[in-house]
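Structure first, commentary second.
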Amino acid sequence: MTTLALGPQWLDPNYLISTFGLIGILVIVFAESGLLIGFFLPGDSLLFTTGLLVAGGEYLTQPLWLVCVLIVIAAIAGDQVGYMFGRKVGPALFRRPNSRFFKQENVEKAHEFFEKYGPRSIVLARFVPIVRTFTPIIAGVSHMHYKTFVIYNVIGGTLWGAGVTLLGYFLGQIEFVKGHIEMILIAIVLISVLPIAFEMLRARKSGGSGSRGKHAANSRQKENGSHSRR
């Protein structure tokens with residue numbers, strides 16, 4: 001296995017797994033799924049690498065089914081904690097000042113995502129970095145019906161936790177993937193951030209259009225005012 005040439009070494013999936021093993025994987029999945037400080041952790045690439053290593057019998061000796069079950073449980077439990085945190089903190093979350101590990105813009109993005117997709121956001125957010133950390137918290141802040149949240153949480157946690165791990169496991173048995181692991185991991189990271197990149201571009205374009213529209217409206221108002229004085 002080569003290491004992922006993005007970010008510091010302590011965020012490299014291969015390094016994390018070789019150092020902390022399955023316990024480390026479960027802690028990271030749990031933290032990224034619902035703790036405010038977990039948004040920067042490598043979720044998708046970590047799970048894919050986990051599947052690769054299980055397939056190769058490297059660092060992880062547990063059977064695939066057990067690894068998948070434990071990851072799904074950690075993912076679901078993380079979202080549950082995030083939801084309860086949101087219920088407890090409530091609107092105060094939106095007044096929390098920015099810090100090194102907390103940005104209001106991340107909360108706002110997750111809130112917009114939740115408002116746009118409703119209950120489905122609990123499933124969809126699993127595949128969007130950063131958003132997946134804050135969405136269950138926003139669901140709690142919004143007092144989403146608990147039973148509904150649990151249902152979508154179980155679906156999302158299973159599809160993401162087991163799905164990405166199984167994808168890594170089966171692709172890890174293909175010679176091309178074995179020979180280009182670093183490139184595959186980088187591609188996964190880039191693909192996972194595409195939704196955020198597209199959303200930022202869309203928001204920037206919308207903001208620009210809104211500013212131009214407002215400027216045009218102000219110009220028309222001034223022009224009408226000058227005509228009225230005449």
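Set the Förster radius R0 to 30 Å, insert the Cβ-Cβ distance between MET84 and LEU11 as r into 1/(1 + (r/R0)^6), and round the FRET efficiency to 0.05. Walk me through the numbers on the way to the answer.
Numbers: r = 27 Å, r/R0 = 0.91.
It comes to 0.65.
Placing a pseudo-label 7 Å from each Cα along the Cα-to-Cβ vector at THR19 and ALA92 gives an inter-label distance of 3.3 nm. Here the 3J(HN,Hα) profile of region 67-82, calculated from phi with Karplus coefficients 6.51, -1.76 and 1.60 at θ = phi - 60°, is 4, 5, 4, 5, 5, 4, 4, 5, 5, 5, 4, x, 5, 4, 5, x Hz, Gly and Pro shown as x.
Using r as the Cβ-Cβ distance of HIS143 and PHE40, and R0 as 35 Å, what FRET efficiency do you calculate, to the nearest 0.05?
Rounded to the nearest 0.05, the efficiency is 0.80.
R0 = 35 Å: FRET efficiency of ILE155 with ALA187, Cβ-based, nearest 0.05? Present the calculation step by step, with values, prior to reporting the outcome.
Numbers: r = 26 Å, r/R0 = 0.74.
So the FRET efficiency works out to roughly 0.85.
Label positions at GLU175 and VAL27, each projected 7 Å from the Cα along the C-beta direction, are separated by 4.0 nm.
Where a number appears in this text, it was derived from the coordinates with a stated rule and is not lab data. Treat the numbers as computed from the prediction; the structure is a model and nothing was measured. Cβ atoms come from the backbone with ideal geometry, glycine included; neighbour counts cover every protein chain shown.
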